[in-house]
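**Q** Dropping the structure in here first, questions after.
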Amino acid sequence: MVVVTGPGRSRFKTPARTARRRGRRGQSETKRGWRSTPWLFLLIPLGFLILFTYLPVANMLWYSLTTWDGRAPVKEFVGLDNFVQIFTRPELFQVFFVSLYYIAGSFVQMALALYFATILSFKTRFRNFFKGVIFFPYLLNGVAIGLVFLYFFRPDGTLDALLTLVGVQDPPQWLGDPSLINYSLASTSVWRYMGLNFVLFLGAIQSIPNELYEAADIDGATSWDKFRYIIAPGIRKIIGLSFILAISGALSVFEIPYIMTGGANGSETFVIQTVNTAFVFSKVGLASAMAVVLLLIVLIVTWIQRKVFPDDKADLV
Amino acid sequence: MSAHIARTLKYASLAVACLAALLPLVTVFMAALKDTREFATTGPLDPPSNWFNLDNFVTAFTRGNMLQGFVNTTIILVISVTGAILIGTMAAYAIDRFGFRGRGLVTWAFLLATLVPGVTTQVATFQIINSLGLFNTRWAAIALFMGTDIVAIYIFLQFMKSIPRSLDEAAMLDGANRLTIYRRIILPLLKPAIATVVIIKGIAIYNEFYIPFLYMPSSELGVISTSLFRFKGPFGAQWEIIAAGAILVIVPTLLIFLFLQRYIYNGFTSGATK
C-alpha cells in the first residue's frame, strides 16, 4: 500500500502536528490494509463468480423480456410475451413431457443404487470388484457412452442379438419408434448415472457406526430390520440430496439424446430445444425465457427438498 | 434354507448388474477388433477372429484427429484445474480466516451460486464469452471451467474449517504475512482436498461435451468429446471405426480408475455430500 502525502503541505505544519498526523494516519493505514487483505484474496474468485454466474443470470432475466436475436444492437422489450408463448404453444411445452421419462428413470436408478449399496455394504465375496463394475460407467465420457448405446440399440445390435438368444424373433426399433425412443434413452441415462447414486449411498451407509449393527444383531434383527431401522434413517439426508440431483438432472437432460438422436423422433428435451432456439433459430429472447423457467423449476424443487429433508434431522446416535 | 436362497438371489442380482454394466462395453470392444467384412458377417456377440487386430484403432486415431483431441483436452485440463485450485483455495482462505465486513454476503453469494445449474445460463453466458472475444478459443473453455466451479470452493471451505487456526497464529507470531501463511501453511495442508478436486474436476473436464461443443466449434480446437462426436459424420456406417474411437476414449479412464480407485470413490463421496 503506497501512502501518498500531498507534496509541500507538511511544510506549513509544526513538527509536532506532523508527527501526530503521521502517527494517526499510519495507524489507520495498517487497519485499512488489514481489512483489504481478504479482498485481495477474493478479487479473482469474486470476479469469476460475478462474470460467469451472476451476470449471466441477470442478463438472462433481461433477455427473457425481449425479442433479441443475439446479434442486433437493439433489444425490443416485449414484457412477458415469451413466457406466454412457452406455456401456450404446445410444441414448446411438450418437451416437459419428455422429462417425465427421465424422472421415472431416475427413480428406478435410485432404487437400484440403494439395493446394491445395501447388499454391498455387508460382507460379500468379490465386493470390490462388484463395486468397481457398478460405479465405472459413471466415469465414462458422454460421447463414448452415446456411441456405445447407439451400437447397443441399433437393428441387429447387441440388444437384438441378446433377444434372439432368448427367442425373440422380431424386436422393435429401439431408437426408430417414437413410442419407445424415450424409454431407450432414459435407460441409457440410468446406466450412466446409477454408479454415482450407488457410491454416495454406499459412503453414507458406511459412515453409520458399526455398533448400531452389532446392537441390532444382539437384538436378533434381520437384514430387513437393519435396513428399515438403521440404514434408511441413517441415509435420509443423502437420499434427499439425490432427489434434487435427480429431478434437476432429469429436467436438464442434454448429452445422451443430443449425441444419440439429435432430438429426433420425439426425443427432444428442454435443453436441446433451448440450445436450438438460441443458436440455430437465433431467438435468444425466447430461449432465455425457457432457461428462466428451467431455473425457477430447479429452485422450487430445491426449496421443497429443503423443507422435506431438513439438514438437522438426520442424527442417529 | 431361506438364507441360502437369499444368498443365491444376492449373487444372481450382482451378476446381472455386472452383465448390464459390462456387456455394452465388451461388445463395442469386440466390434473394434473386427475388420469390415468380419463385422458385416458376424453378430455383435461373436468374438473377433483376431484379438490383436489393431487396424481400426490406428485408423480412428489418425483419421479421427484424436491426437489433437487429446492434446487440446490436456492443455485445457491442466490450466483450468490449476486455476480452479488457486481460485478455490484463495476464496476459501479469505472466507474462513478473515473477519471482515461483507463476509456473510460473500459466503452467501458463493453458496447461492451452487443452486444455479450451469446449463440454464448458457444462453446468456455465451454472450459474455463472445463479448470478451474468447469465442472459438481454448480460453473460453478454460475460463468457464475455472470460474464456474463453485463445488471446488465448497469442498475447500469445508476442509479449511478442520485446519486449526492456531497454526496461522503461530506463523503470524513468527512474522509471516497472510500470503506466506496461505502459501506455506494452508496450501500444503489442503492437499487431500486438492487431490479430491483434481480427481473430480479432471474427470469432469475430460468428459465435458457441452462447453467445447458450444464455445469451440473450430475443428482444430476439438477436444476428446467433440473429436469423437465428429466420428458420426465421416464414419457414419463404419461401426468398427466408431467403436475403436469410443474404446480409445474409454481406455485412459479405465486405467486411471484402476490405479486410483480408492481416491476416486472418496473424491466423489466428499465432493457431493459436503
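**Q** Over 25 Å between Cα atoms: which of A:K226/A:K307; A:K237/B:K191; A:K131/A:K226 fall into that group? Before the final figure, lay out each step's value.
**A** Working: A:K226/A:K307 27 Å; A:K237/B:K191 27 Å; A:K131/A:K226 21 Å.
The pairs that break the limit, which is 25 Å between Cα atoms, are A:K226/A:K307; A:K237/B:K191.
**Q** Something else: Rounded to the nearest 0.05, what FRET efficiency is calculated for B:M172 and A:L296 with R0 set to 60 Å and r the Cβ-Cβ distance?
**A** For R0 = 60 Å, the calculated efficiency reads 0.80.
**Q** Evaluate the relative contact order of chain B (contact order divided by residue number), counting alpha-carbon pairs under 8 angstrom at least 6 apart; express in whole percent.
**A** For chain B, the relative contact order is 32 percent.
**Q** Could you give the angle, 0 to 90 degrees to the nearest 10, between helix A:95-121's Cα long axis and the longest principal axis of the Cα atoms of chain A?
**A** 80
**Q** Something else now. Between the helical axis of B:150-160 and the dominant principal axis of chain B, each derived from Cα atoms, what acute angle in degrees is found, rounded to the nearest 10?
**A** Long axis of B:150-160 versus the principal axis of chain B: about 50 degrees.
**Q** Can I ask one more? Could you tell me the convex hull volume per residue, in Å³, taken over the Cα atoms of chain B?
**A** 202
**Q** Same structure again: For region A:130-193 and region B:146-168, what is the centre-to-centre distance using only Cα atoms, to the nearest Å?
**A** Spelled out, the Cα-based centre of one part sits 40 Å from the other.
**Q** Here is a further query. Give me the tail of P(r) for chain A as a percent: Cα-Cα pairs with distance above 38 Å.
**A** More than 38 Å apart: 41 percent of the Cα pairs in chain A.
**Q** Over region B:1-53, what lengths in whole Å, largest first, do the semi-axes of the equivalent ellipsoid take, defined as the square roots of 5 times the eigenvalues of the alpha-carbon gyration tensor?
**A** Semi-axes from the Cα gyration tensor: 35, 9, 8 Å.
**Q** Also, I was wondering about something else. Evaluate 2.2 N^0.38 Å with N set to the residue count of region B:152-274, then give the Cα radius of gyration divided by it.
**A** So region B:152-274 has a normalised radius of gyration of 1.52.
**Q** If you take the C-alpha gyration tensor of region A:31-143, multiply each eigenvalue by 5 and take the square root, what semi-axes do you get, largest first, in whole Å? Please report the intermediate quantities before stating the final value.
**A** Details: eigenvalues 361, 208, 30 Å².
Listed largest to smallest, the semi-axes of region A:31-143 are 42, 32, 12 Å.
**Q** Follow-up question, since we're still on this one. Looking at the protein assembly as shown from every direction and averaging, what is the projected area of its Cα convex hull in nm²?
**A** Orientation-averaged projected area of the Cα hull: 35.9 nm².
**Q** Hey, any idea what % of chain A's accessible area is carbon plus sulfur with a 1.4 Å probe?
**A** 63
**Q** Right, another one. Considering the convex hull of the alpha carbon atoms of region B:45-115, report its projected area averaged over all viewing directions, in nm², one decimal.
**A** The Cα convex hull of region B:45-115, projected and averaged over all directions, gives 9.3 nm².
**Q** Going by a 1.4 Å probe on protein heavy atoms, which residues of region A:241-258 end up with at least 20 Å² less accessible surface in the whole assembly than in their chain alone?
**A** So the qualifying set is A:L241, A:S252, A:F254, A:E255, A:Y258.
**Q** Note down the accessible area of A:T67, probe 1.4 Å, to the nearest 10 Å².
**A** 70
**Q** Counting only heavy atoms of the protein chains, get the accessible area per residue of region A:23-155 (1.4 Å probe) and round it to a whole Å² value.
**A** 51
**Q** Please report the base-10 log of the normalised intensity I(q)/I(0) for region A:248-306, using a Debye sum with one equal scatterer per alpha carbon and no solvent, at each q in 0.16, 0.22 (1/Å).
**A** Taken in order of the listed q values, log10 I(q)/I(0) reads -0.54, -0.87.
The values are calculated or read from the model by the stated rules, or taken from the named source; none is laboratory data. Just so it is clear, the model here is predicted, and its values are computed rather than measured. Note that each Cβ is placed from the backbone with ideal geometry, even for glycine, and that neighbours are counted across all protein chains shown. Ligands, DNA and RNA are excluded from the accessible area calculation, which covers all protein heavy atoms including side chains. Shrake-Rupley method; radii C 1.70, N 1.55, O 1.52, S 1.80 Å.
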